Amino acid sequence: MKTQIFCLVFLFMSVAQGLNPKCDTQDHGSTLQVFHIYSQCSPFKPSKPLSWEEDMLSMLAKDQVRLQYLSSLVAGKSVVPVASGRQIVQSPTYFVRAKIGTPPQTMLMAMDTSNDAAWIPCNGCIGCSSKVFNTAKSTTFNTLGCHAAQCKQVPNPTCGGSACVFNMTYGSSSIAGNLSRDTVVLATDPIPSYTFGCLQKTTGKSVPQQGLLGLGRGPLSLLSQTQHLYKSTFSYCLPSFRSPNFSGSLRLGPKGQPIRIKYTQLLKNPRRPSLYFVNLIGIRVGRRVVDIPPKALAFNPSTGAGTIFDSGTVFTRLVEPAYVAVRNAFRRRVKVANVTSLGGFDTCYTVPIVAPTITFMFTGMNVTLPQENLLIHSTAGSITCLAMASAPDNVNSVLNVIANMQQQNHRVLFDVPNSRLGVARERCT
């Protein structure tokens, strides 16, 4: 009886707090809703709620693998895979709805700015989740052959009969699939003959459940396949993971993009042209510019050094000299002697603090982050940490990553034809 009363009270509180939003609202025009993995609409959220500490440490651990993946890309140590890094496939941070085939089948696909291709689990796939795209039910589906031009754009293609087949191994997982084509509908925009990977076999635990939508700049990316429709332009506004009831948005094409927005130039690394490099020239804590060795921020295509915007990493990572300088300046401004740590977060406090702003200074554009983009707080409010960390020291640590927590509640605009990236404050949630 007590259990029933508790459940009724909890249900009443949940409804009262709006924790059960309508998840079947439709996307409009060329704008898709963006959901966080912890959204009430997400089927990917943990079945067993994690404690705040477990949650933070879990995200940090996944970020670590994500950083290894990104560092391997810029170092030229691996071929850009059809699948994304292990972090995004283990738990996609943000996802959108896509409708595949005729008649359409809805898939929740992780969005990833540091990857190009799209791929989804298909019927008959060994090791995939129960949610798959049934190719037999689509009248517009077809498999691409070995002689298709797109077959040359996937890593290490082989011929399985007449089909273009790809096989990959990464982390503890491997995937195999056919290069395929079908109609994809994003919001209300039908995109006929969209090329994607149709997974047939997976092993390991690193494979995403419903696929991935690559927003990079490569030949098989959404931007390249929809140049006529979206003019290689898109923006997103990412909702905070503290706001599980709300969604952000992915706006495709130049129409409806913000007019009052500041831009910085997009840089291109010829070895990794898909990644969105920008020129970070300085960092300010409060009103004071931090003394950072120029080499720590410099863009260098030959080594892969520089700064990227990435939607798949949760917490911003700076190369060690830059991070240490920023961290020390932050601690000096906070003026609390007792600094503790939590996992990879080395600047945590157990008393209330007044934190300074941190400003990322790019060529032509400054982005000043308020406390909500800088601090994480325990549920009980007993611990507060600076939500940034040093790049892992066991990888090629030359890459600074502006991650999604620091991007939350900002409109981030990728204008590839004009080679620029814009940022404007916006309440996504």
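Take the conditions within 23 Å of SER39 (Cα to Cα), among the hydroxyl-bearing types (Ser, Thr, Tyr) and assigned by the TED database to the domain that holds PHE299 and apply them to THR350. Does it pass? Don't jump to the end; show me each part of the working.
Details: within 23 Å of SER39 (Cα to Cα): no; among the hydroxyl-bearing types (Ser, Thr, Tyr): yes; assigned by the TED database to the domain that holds PHE299: yes.
No, not satisfied.
Reported count of residues in the stretch 349-368, each being assigned to a loop (DSSP other than H, G, I, E, B) and not hydroxyl-bearing (Ser, Thr, Tyr), is 7. Taken over the stretch 211-220, residues that are over 15 Å from the mean Cα position of the chain (by Cα) and either outside the structural domain of VAL185 (by the TED database) or buried (at least 22 other Cβ atoms within 10 Å of the Cβ) (or both) amount to 1.
Yes or no, residue by residue, for (1) in the same structural domain as ASN404 (by the TED database); (2) of a type in the set (Asp, Glu); (3) open to solvent by less than 50 Å² (accessible area, probe 1.4 Å); (4) in contact (Cβ under 8 Å) with a residue 40 or more places away in the chain:
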{"residue": "LEU229", "(1), (2), (3), (4)": "no, no, no, yes"}
{"residue": "THR233", "(1), (2), (3), (4)": "no, no, yes, yes"}
{"residue": "GLY286", "(1), (2), (3), (4)": "yes, no, yes, yes"}
{"residue": "PHE299", "(1), (2), (3), (4)": "yes, no, no, no"}
{"residue": "PHE315", "(1), (2), (3), (4)": "yes, no, yes, yes"}
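With respect to ASN418, is the statement that it is open to solvent by less than 60 Å² (accessible area, probe 1.4 Å), of a type in the set (S, T, N, Q) and within 28 Å of LEU222 (Cβ to Cβ) true? Break it down stepwise before answering.
Working: open to solvent by less than 60 Å² (accessible area, probe 1.4 Å): no; of a type in the set (S, T, N, Q): yes; within 28 Å of LEU222 (Cβ to Cβ): yes.
No: the conditions fail for ASN418.
Table: residues versus (1) surrounded by 21 or more Cβ atoms within 10 Å (Cβ to Cβ); (2) outside the structural domain of LEU280 (by the TED database); (3) more than 23 Å from ALA110 (Cα to Cα); (4) of a type in the set (S, T, N, Q).
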| position | (1), (2), (3), (4) |
| --- | --- |
| PRO321 | no, no, yes, no |
| GLY343 | no, no, yes, no |
| THR363 | no, no, yes, yes |
| ILE376 | yes, no, yes, no |
| SER397 | no, no, yes, yes |
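All but one of (1) at pLDDT 85 or above; (2) farther than 21 Å from SER224 by Cβ; (3) surrounded by fewer than 19 Cβ atoms within 10 Å (Cβ to Cβ) hold for THR135; state the number of the condition that does not hold. Tallying (1) at pLDDT 85 or above; (2) farther than 21 Å from SER224 by Cβ; (3) surrounded by fewer than 19 Cβ atoms within 10 Å (Cβ to Cβ), THR135 fails exactly one: (3). Summed over the stretch 235-254, the residues that are assigned to a loop (DSSP other than H, G, I, E, B), modelled with pLDDT under 95 and over 23 Å from GLY364 (Cβ atoms) give a count of 9.
Mind listing whichever residues of the stretch 150-169 are aliphatic (A, V, I, L, M) and not in a strand (DSSP E or B)? Scanning the stretch 150-169 gives a single hit, VAL154.
Applying the condition of being under 25 Å from HIS36 (Cα atoms) and in a loop (DSSP other than H, G, I, E, B) to the stretch 102-126 and asking which residue is modelled with the highest pLDDT yields PRO104. When the stretch 181-194 is limited to residues that are within 30 Å of GLY160 (Cα to Cα) and surrounded by 24 or more Cβ atoms within 10 Å (Cβ to Cβ), the one that is farthest from the chain's Cα centre (by Cα) turns out to be ASP182. On the basis of being without any contact (Cβ under 8 Å) to a residue 60 or more places away in the chain and open to solvent by 10 Å² or more (accessible area, probe 1.4 Å), does LYS335 make the cut? Yes; evaluated as a whole, the condition is true for this residue.
Checking the condition β-branched (Val, Ile, Thr) and over 26 Å from the mean Cα position of the chain (by Cα), which residue from VAL339, VAL416 passes? Explain how you work it out, then say what you get.
Details: VAL416 fails: over 26 Å from the mean Cα position of the chain (by Cα).
Every option except VAL339 fails the conditions.
If you check THR340, THR363 for being β-branched (Val, Ile, Thr) and closer than 19 Å to PHE309 by Cβ, only one passes: THR363.
The values are calculated or read from the model by the stated rules, or taken from the named source; none is laboratory data. It should be emphasised that the depicted structure is a prediction, and the values quoted were computed from it without experimental measurement. Methodologically, a virtual Cβ is constructed for each residue, glycine included, from the backbone with ideal geometry; neighbour enumeration extends over all protein chains shown. What goes into the accessible areas is simple: the full protein's heavy atoms, side chains included, and nothing from ligands, DNA or RNA. Shrake-Rupley method; radii C 1.70, N 1.55, O 1.52, S 1.80 Å.
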